[in-house]
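The values are calculated or read from the model by the stated rules, or taken from the named source; none is laboratory data. Because the structure is predicted, anything quoted here is derived from the model rather than measured. Because the Cβ atoms are built from the backbone with ideal geometry, glycine has one as well, and the counts that use them run over all protein chains shown.
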Amino acid sequence: MSGPYDTLDRVAQIMIALVALFAFANGAFMLIAPLDWYYAIPTVPASGPANTHFIGDIGLAYLSSAVMLGYAAVNPKMRWMAALAGTLWLLAHGILHIYETIVGICSPDRFVQDIPGVLGPPVFVFVALAILFIRQKAAPTGLPKSLFLGFIDRMIPDESQYVHEIARAPGHALEKFMHFMPASSHRHAAPASVLGAARIGAVLVEDCGPCALTCAQGSLADGVSKETLNAALAGGSGLPDDEALAFRFGEAIARQGADADELGDEVEARFGRTVRLELAMAAAMVRAYPAMKRGLGLTKACSATALTI
């Protein structure tokens with residue numbers, strides 16, 4: 001899920017934002033002019049006489065959805081749960097309309113007229129979330145434990161034991177760990193290959209081969225070439241100039257080397273302050289994984305691992 005928003009990410013973001021605007025406009029209309037709203041929607045009068053208090057109550061429900069969806073639309077990769085929560089009322093409303101049509105309370109013709117405004121919004125949000133999840137762009141935070149562990153087992157089948165131990169720990173340890181994970185792969189301005197090199201450089205210092213391979217697999221999914229990643233896994237020799245600098249910077253941070261400042265200045269001069277921050281953040285945080293494994297006695301040295309993808 002690292003990297004800036006691409007075109008499809010923006011499409012998902014816009015879809016959620018549009019539903020937020022719809023919910024806000026509809027809710028505000030219901031609160032400000034309930035009777036005007038009642039007569040403006042052709043199918044509403046057929047449902048019974050107007051009740052301005054009841055219309056206002058529903059307006060508040062729409063506004064609540066709008067607030068949550070608007071919050072989610074700012075950063076749906078991280079706030080997808082807010083989008084889901086904001087859609088619950090809209091989804092329940094749509095299901096009620098379907099039920100009333102099935103049992104004969106509402107006519108099929110009226111249901112068809114209601115579809116765009118009743119079923120359209122929740123469908124929009126679910127399509128947006130599907131765009132993020134299918135492409136693995138959504139943060140793991142909030143996923144059910146079984147789904148998250150299944151994903152981890154598929155991603156690192158031989159090295160997921162420590163995550164299962166975290167999952168078994170009391171005090172919602174896994175949920176807190178899931179909040180940490182996106183920070184360790186944060187990328188916005190840095191080129192994917194540069195960030196990947198810094199992460200691998202840092203984790204190799206920790207002498208955890210599987211961790212280095214996991215970093216490489218993440219960068220591979222981010223579009224970095226196998227040639228570049230294998231060069232980094234081999235110790236950085238043969239890397240292009242930019243990636244070699246990032247690799248050395250990651251190494252220096254991990255070993256707390258005196259040259260970290262100088263290398264950081266060079267990174268900043270070449271890429272800017274934001275990229276320096278992203279590389280420093282990645283190199284510092286990626287070390288948590290091998291440190292966790294080492295603390296649990298589960299570390300596998302680089303020398304015992306085939307470092308190639």
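Of note:
- Helices (runs of 4 or more DSSP H) lying entirely in the stretch 1-99 (those with 3 or more residues that are at pLDDT 95 or above and under 33 Å from the mean Cα position of the chain (by Cα)): 7-32, 52-74
- Residue in the stretch 101-112 that is under 30 Å from Leu8 (Cα atoms) and at pLDDT 95 or above present: no
- Condition check for Glu165: in a helix (DSSP H, G or I), at pLDDT 95 or above and surrounded by fewer than 18 Cβ atoms within 10 Å (Cβ to Cβ): no
- Flag for Glu206 being more than 21 Å from the chain's Cα centre (by Cα), in contact (Cβ under 8 Å) with a residue 40 or more places away in the chain and buried (at least 23 other Cβ atoms within 10 Å of the Cβ): no
- Taken over the stretch 175-194, residues that are of a type in the set (S, T, N, Q), within 18 Å of Phe151 (Cα to Cα) and in contact with a Ser or Thr (Cβ under 9 Å, 6 or more places away or on another chain) amount to 1.
- Among residues of the stretch 130-162 being in a helix (DSSP H, G or I), in contact with a helix residue (DSSP H, G or I) (Cβ under 6 Å, 6 or more places away or on another chain) and touching a residue at least 40 places away in the same chain (Cβ under 8 Å), the one that is farthest from Ala20 (Cα to Cα) is Tyr162.
Residue-by-condition table, conditions (1) surrounded by 15 or more Cβ atoms within 10 Å (Cβ to Cβ); (2) without any contact (Cβ under 8 Å) to a residue 12 or more places away in the chain:
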| position | (1), (2) |
| --- | --- |
| Asp9 | yes, no |
| Ala12 | yes, no |
| Ala17 | yes, no |
| Ala20 | yes, no |
| Ala28 | yes, no |
| Ile32 | no, yes |
| Asp36 | no, yes |
| Pro42 | no, no |
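- Per this entry, Gly171 is counted among residues that are free of Cβ contacts under 8 Å to residues at least 12 places away in the same chain and assigned to a loop (DSSP other than H, G, I, E, B).
- Residues that are touching a helix residue (DSSP H, G or I) at 6+ places or on another chain (Cβ under 8 Å) and part of a helix (DSSP H, G or I) were ranked within the stretch 232-245; the one that is farthest from Val203 (Cα to Cα) is Asp242.
- Per the listing Arg135, Arg154, the residue uniquely of a type in the set (Lys, Arg), over 18 Å from the mean Cα position of the chain (by Cα) and closer than 28 Å to Asp6 by Cα is Arg154.
- Inspection of the stretch 185-198 identifies no residue that is closer than 30 Å to Glu268 by Cα, part of a helix (DSSP H, G or I), at pLDDT below 95 and among the polar types (S, T, N, Q).
- Candidates Ala258, Ala288, Ala231: the one that is free of Cβ contacts under 8 Å to residues at least 40 places away in the same chain, small (Gly, Ala, Ser) and surrounded by fewer than 20 Cβ atoms within 10 Å (Cβ to Cβ) is Ala258.
- The numbered conditions (1) loosely packed, with under 15 Cβ neighbours inside 10 Å; (2) farther than 23 Å from Val19 by Cα are all true for Cys106 except (1).
- Check on His53, of a type outside the set (Ser, Thr, Tyr) and either surrounded by fewer than 17 Cβ atoms within 10 Å (Cβ to Cβ) or closer than 26 Å to Leu8 by Cα (or both): yes
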